[in-house]
Amino acid sequence: MAESMRGLKRSHRCGELSSANIGETVTVMGWVQKNRNKGGIVFVDLRDRSGILQLIFENGSVSEADFEKAGRLRSEFVIAAVGTVEARSGAVNENLATGEIEIRVRELRILSESETPPFPIEENSKTKEELRLKYRYLDLRRPDLQRNLMMRSRVATLTRQFLADEGFLEIETPILVGSTPEGARDYLVPSRVHPGSFYALPQSPQLFKQLLMCSGYDRYFQIAKCFRDEDLRADRQPEFTQIDMELSFVDVEDVLDVNERLLAKIFKEILGVEVPLPIPRMTWQEAMNRFGSDKPDIRFGMELVDVSEVVKNSQFVVFKGALESGGSVRGINAKGQGAMPRKKIDKLVDFAKDFGAKGLAYIAIQEDGAIKSSFAKFMTEEEMASLIKAMDGENGDLLLFAADKNKVVWDVLGNLRLEIARQLDILNKEEYKFLWVTEFPLLEWSDEQNRYLAMHHPFTMPMEEDLPFIDTEPGKVRAKAYDIVLNGTELGGGSVRISNNDIQNKMFEVLGFTKERAEEQFGFLLNAFKYGVPPHAGLAYGLDRMVMLMAKEDSIRDVIAFPKVKDASCLMTEAPTRVEQKQLDELGIALVDESTGK
């Protein structure tokens, strides 16, 4: 039966005690991790968010009633214990921060009993994630998850303090906003008082933070909840958190400077990791050419090599066809992998096909210099020698080639180098390699929509020297945009915004917006720009992704308290759920059966 806390006040968390407290009387409270009843003596491991502490109950030092209670404590009972800190009577437990001490209990209260949990509450749980997420309130008791969420809290607190010291104001923006169909799908919220009309949940505070710059607030930030109705991945959730900021009277350098110092502070204070400043920079074009990705992992080499010139006279139909259609031939050198079994190479070919490759050409150079190749019979000896030389091929190397349109070649080899690195286990989670990727294309062509789309959003400023190309060669125009990348993951991105009406109108024109459509979707922002708009720029980080990398986790679900699963549902609350017909009627919503259309 549960007892009251009356008269007791916790003096310490479990992990706060050490040998410095020996001799003190303390009151601790928490959950029973395990109970070892040795007859005349009972050992209990007590756990709270700070760590685990050993309690010792012995006849004579505790009342008979409390000793009897101690004997029946089970995992996850919530208890309070009063006792004296002593040096541990048995061997020191090197695995515990409190391993040198124990509490000799003189008073015990059971504050709450527990049924047997559906899985053990322990670090690095082997229990299936689906079961753990169904009982997430229990899963969150695990020490590793608690450390992750405490780290997340510290990142948020440090960020707030740093930005406040830099003159930023924390301002909240609305959650119920108008829908902007450009970009990912919106989550829609029906309005009861405006039948047939909908709010959208914000994909980002973009328009509002630009309006705050128009309103003279100069430097804004917000730790903002954002929503996107898109397919989930390990580093993506339908609702996520951004560290969002916007600055007035700045250019690219100012934004990068303040953010480099913010990152350096967070990683130093929380992980003890020194981030060398300035963070290296790479243009988008260089990143694609060298790594096949606009978020390159620079912890290892295996860079792409363009061998189009070397093979331009080759009669190998795959290379020839790619070059004739305006594409390229590029390769990567997997050093020391020349002896890779054919079966494994075939699996790499299948992997490449998932990213659009029709196939993958290879040269395996044996340790004795002999060559095994999928296309040697189509090449002269001189051509093969030139190709191997261009790839810096040596005995024992495996050379892999893709030939297609640039976009496909980059995608295939960019992902292939990461897959090989994973297989070779050379991705060191203790290493943090930051990179700014700059000068993104302003626009990207969509075959599906047969028009240009904004690579970031319609308010991104083109580089001034590229403005003359905007009518004739829009694809050549670079943006004043920048992404911050860490170990191959995009942590955040931003840009200088358009603050000139003529350029903004031209941008809408290139994107195929009519004046009416631009006015309908963004009229309030365009009107605000008529009343004196300062030059401004901003950036937003994915807080979840940042903490995931800092905590060395593989999924952002492990750094979010109550995440969704792959189909955007919550296994614990069973959301989304059906609602009562009365609520639908109030909103003027009728549900249609997809199978009948009624």
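Points to keep in mind about this one:
- Contact map, the range 203-217: residues that are under 12 Å from residue 536 (Cα atoms) paired with residues that are assigned to a helix (DSSP H, G or I), Cβ distance under 6 Å, separation 6+ or inter-chain. Pairs shown: 211/528; 214/528.
- Count of the range 414-434 residues which are of a type outside the set (Val, Ile, Thr), open to solvent by less than 30 Å² (accessible area, probe 1.4 Å) and in contact with a helix residue (DSSP H, G or I) (Cβ under 8 Å, 6 or more places away or on another chain): 4
- If you filter the range 88-130 down to residues that are over 19 Å from residue 148 (Cα atoms), of a type in the set (A, V, I, L, M, F, W, C) and open to solvent by 60 Å² or more (accessible area, probe 1.4 Å), you find that the one that is modelled with the lowest pLDDT is 91.
- Residues of the range 1-60 that are of a type in the set (Val, Ile, Thr) and either buried (at least 19 other Cβ atoms within 10 Å of the Cβ) or in a loop (DSSP other than H, G, I, E, B) (or both): 22, 28, 32, 42, 44, 52, 56.
- Filtering the range 580-598 to residues that are open to solvent by 80 Å² or more (accessible area, probe 1.4 Å) and among the β-branched types (Val, Ile, Thr) leaves 592, 596.
- Close Cβ contacts (under 7 Å, 6 or more residues apart or on different chains) running from residues in the range 1-29 that are on the phi < 0 side of the Ramachandran plot to residues that are exposed (fewer than 14 other Cβ atoms within 10 Å of the Cβ) and of a type in the set (S, T, N, Q) comprise 2/112.
- Subset of the range 559-572 [open to solvent by less than 30 Å² (accessible area, probe 1.4 Å) and either among the hydroxyl-bearing types (Ser, Thr, Tyr) or in contact with a Ser or Thr (Cβ under 9 Å, 6 or more places away or on another chain) (or both)]: 560, 563, 569
Yes/no matrix, rows are residues, columns are (1) of a type in the set (Phe, Trp, Tyr); (2) under 30 Å from residue 378 (Cα atoms); (3) modelled with pLDDT of 95 or more; (4) within 23 Å of the chain's Cα centre (by Cα):
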position: 261; (1), (2), (3), (4): no, no, yes, yes
position: 265; (1), (2), (3), (4): no, no, yes, yes
position: 270; (1), (2), (3), (4): no, no, yes, yes
position: 281; (1), (2), (3), (4): no, no, yes, yes
position: 288; (1), (2), (3), (4): no, yes, yes, yes
position: 304; (1), (2), (3), (4): no, yes, yes, no
position: 308; (1), (2), (3), (4): no, yes, yes, no
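- Subset of the range 185-219 (residues that are of a type outside the set (D, E, K, R), in a loop (DSSP other than H, G, I, E, B) and surrounded by fewer than 17 Cβ atoms within 10 Å (Cβ to Cβ)): 191, 193, 194, 195, 196, 197, 215, 216, 217
- Tally of residues being out of contact with any strand residue (DSSP E or B) (no Cβ under 9 Å at 6 or more places or on another chain) and in a helix (DSSP H, G or I) across the range 585-594: 2
- Identity of the residue in the range 506-558, in contact (Cβ under 8 Å) with a residue 40 or more places away in the chain and among the acidic types (Asp, Glu), that ends up most open to solvent (accessible area, probe 1.4 Å): 554
- Meets criteria (under 26 Å from residue 151 (Cα atoms), open to solvent by 30 Å² or more (accessible area, probe 1.4 Å), without any contact (Cβ under 8 Å) to a residue 40 or more places away in the chain and of a type outside the set (S, T, N, Q)) for residue 72: no
The values are calculated or read from the model by the stated rules, or taken from the named source; none is laboratory data. Predicted model only: the values in this text are computed from it and were never measured. Reconstructed Cβ throughout: ideal geometry from the backbone, glycine too, with neighbour counts over all protein chains shown. Surface accessibility is based on the protein's heavy atoms, side chains included, excluding ligands, DNA and RNA. Shrake-Rupley method; radii C 1.70, N 1.55, O 1.52, S 1.80 Å.
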